[in-house]
Amino acid sequence: MFERGEEQEESKMPIYEYECKRCGRQFQFLILKKDDEMDLNCPECGKKELKRLISRVVYHVSEADRLEQYDPNAPKSDSFYRDTRNIGLHAKKRAQQMGIDLGSSFEEKLEKLRTDPGSVIRDSE
Ligand SMILES: [Zn+2]
């Protein structure tokens, strides 16, 4: 899915697929650090009894693709917010629509937030 030509540099995302042992819900999650998996719980029932289905799936999705597909008015599921790649997407889409340039410091902060969600909170304390 989302495969495109090589006209732009695309980011590779280590995405793992899981199944909840409780309710059977299957979902995918981006694992950047090994610790991320420890904090995982089922988006359906919240339990941590998960089984990894496939070792690793790498998606080639550029942020431009995500922004293009993102609908700010569509209802979001919990898994949307748990996917760190979606952090900041809403703000960026809105800014894009209004023709506002958020600047490079916003990009930096976003990148930090996506790779280490706790860091921004720690910084502001
Ligand atoms: Zn579940």
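Just so it is clear, none of the values below were taken in a lab; they were calculated from the coordinates. All figures in this text were calculated on a predicted structure; none of them were measured in a lab. With ideal geometry, Cβ positions are generated from the backbone for all residues, glycine too; neighbour counts draw on all protein chains shown.
Taking label positions 7 Å along the Cα-Cβ direction at both ARG82 and ASP35, the computed distance is 1.9 nm, reported to one decimal. Among ARG94, ARG66, the ranking by other beta carbons within 10 Å of each residue's beta carbon, starting with the fewest, stands as ARG94, ARG66.
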